[in-house]
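Structure, as structure tokens:
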Amino acid sequence: MGDKMSIGLQPVETMNENDQIRVETKLYGLIAEHASPNRLFVTVNRRIKADGIDAMMIPMNIRQDDIYFTLANMKKSHVNGAYIAQEYQEAAVELLDDSDEFVEVYGRCDFVFREGERLIGT
């Protein structure tokens, strides 16, 4: 295989300059069926880095049949929270331990925070 430039692929900025995740790094997920091509995580990581925060958002490609497993296991993971793509926002509500008024009124959750082994939706 040739290098990326010789086969016509453009270099793409990824999570941070050196893609290093330390033990202390706060991890956040971007949960979507097609998370990798979604550039939200690149934008968020640029802002995190510019603000000097030791955190990173990672894309998590999750199929419809794995969303419950993924969120349920987030309670015991190193992921501190996750943005939930529109296709999974209703399903996420079922797995929350607590939520804010927005979630209760609209029945959708677009961000989940992990506090200990509890999932808090907003």
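The values are calculated or read from the model by the stated rules, or taken from the named source; none is laboratory data. Remember, predicted model here, so these are calculated numbers, not experimental data. We place every Cβ from the backbone using ideal geometry, glycine too, and count neighbours over all the protein chains shown. Please note that ligands, DNA and RNA were not included when accessible areas were found on the heavy atoms of the full protein model with its side chains. Shrake-Rupley method; radii C 1.70, N 1.55, O 1.52, S 1.80 Å.
Can you give the accessible area per residue of the range 55-104, in Å², using a 1.4 Å probe?
For the range 55-104, the solvent-accessible area averages 56 Å² per residue.
Whenever you get a sec, compute what percent of the accessible area on the range 71-122 sits on carbon and sulfur atoms (1.4 Å probe).
The value for the range 71-122 is 46 percent carbon and sulfur by accessible area.
With the cut-off at 1.5 for a/c, could you classify the range 43-104 from its C-alpha gyration tensor as rounded, prolate or oblate?
It comes out prolate by the Cα gyration axes.
Got a sec to turn the phi values of the range 94-110 into Karplus ³J(HN,Hα) couplings, 6.51 cos²θ - 1.76 cosθ + 1.60 with θ = phi - 60°, whole Hz, x for Gly and Pro?
With the stated coefficients, the range 94-110 comes to 5, 9, 7, 8, 7, 7, 8, 4, 4, 4, 5, 6, 9, x, 9, 9, 9 Hz.
Could you work out the local net charge near R63, counting Lys and Arg as +1, Asp and Glu as -1, over the other residues with Cβ closer than 12 Å to its Cβ?
-4
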